[in-house]
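Here the structure comes first, spelled out in structure tokens, and everything after it is commentary.
Please treat every number below as a calculation from the coordinates, not as lab data. Fair warning: this is a prediction, and the values are worked out from it, not measured in the lab. Note that we place each Cβ from the backbone using ideal geometry, even for glycine, and neighbour counts take in every protein chain shown.
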Amino acid sequence: MKTWIRVLFFCVGCTAFIGCDRVTKQLAKEHLMYQEPRSYLHDTFRFEYAENTGAALGLGDSLPKVLSFWLLSMVPLAILIVLFVYVVRQLNKLGFLKLFSFCLILAGGLGNIIDRIVYDRHVTDFMNMGVSNIRTGIFNVADICVTAGVIGLFIAYNKKDSGLLKPDLAGEELT
């Protein structure tokens, strides 16, 4: 894959995932805020509105506002900037799965950081899964992106013999 195609793929992918996250969060605010949770598939999947000022599962929710801003917004933003620089420098060495996984992680991370900065630390969450009393925390599309990206990287870095996961010597993807 040529460099400009990789850059275009990465930029369009990040923009699309951030856009999807923004749209779904806005829809959650419009249709779920001040409403009872909506349950589907015998309560396996729920839509319920929540605002989280902490990290995953509300960790750090009670931190002072200034500390919360730095630990949950600025430090992750700095990490995402470093990750972006890494991706740009390694662009022609990354296979499709790695590039796609980094795209998911950056888009998901930025999606939640946008909420934290624009909405005074409040990240909109609205999905919950589980069976009976065994349930996940409430999450959003950005969280799904980050999780899928991390799983993708785990697979990519542990299956180095697959042609789908690494470029050939000429910089083109193997199939």
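Set Lys and Arg Cβ to +1 and Asp and Glu Cβ to -1, take the dipole of the chain about its Cα centre, and tell me which of Ser39, Met129, Phe10 lies farthest positive.
Going by the Cα projections, it comes out as Phe10.
How much length is gained on full extension from Glu51 to Asn133, taking 0.36 nm per residue of separation minus their Cα-Cα distance?
Working: separation 82, 0.36 × 82 = 29.52 nm, distance 2.12 nm.
27.4 nm is the gain from fully extending Glu51 to Asn133.
Find the Rg to Rh ratio for the range 3-164, where Rh is the Kirkwood radius over alpha-carbon pairs and Rg uses the same atoms. Spell out each step's value before the answer.
Working: Rg = 17.1 Å, Rh = 16.9 Å.
A ratio of 1.01.
What's the exposure ranking of Lys29, Lys98, going from fewest to most Cβ atoms within 10 Å?
On the way: Lys29 15, Lys98 21.
Listing Lys29, Lys98 from fewest to most nearby Cβ atoms yields Lys29, Lys98.
Along the Cα→Cβ direction, 7 angstrom out, place labels at Phe154 and Val23. What is the inter-label distance in nm?
2.9 nm
Tell me what the chain gives for mean residue ellipticity at 222 nm when only DSSP H runs of n ≥ 4 count, each as -39,500 (n - 2.57), the sum divided by the residue total, rounded to 500 deg cm²/dmol.
Numbers: 5 runs with 91 residues, N = 175.
The per-residue figure over the chain is -17500 deg cm²/dmol.
Using every Cα-Cα pair within the range 14-56, state what percent have a distance larger than 17 Å. Walk me through the numbers before you get to the answer.
Working: 429 of 903 pairs.
That fraction is 48 percent.
Mean Kyte-Doolittle hydropathy of -0.5 or higher plus an axial Cα length of 24 Å or more: which whole DSSP H helices in the chain meet both?
On the way: long enough: 3-31 (41 Å, 0.50); 96-118 (32 Å, 1.59); 141-158 (25 Å, 1.71).
Answer set is 3-31, 96-118, 141-158.
Using the basic label-point model (7 angstrom from Cα toward the beta carbon), what is the Ile117 to Val75 distance in nanometres?
1.8 nm
So between His31 and Ile5, what do we pick up on full extension, going 0.36 nm a residue minus the alpha carbon distance?
Values: separation 26, 0.36 × 26 = 9.36 nm, distance 3.79 nm.
5.6 nm is the gain from fully extending His31 to Ile5.
I need the calculated FRET efficiency for the pair Leu91 and Ser62, taking r as the beta carbon distance and R₀ as 45 Å, to the nearest 0.05.
Numbers: r = 41 Å, r/R0 = 0.91.
Computed FRET efficiency for Leu91 and Ser62 comes out at 0.65.
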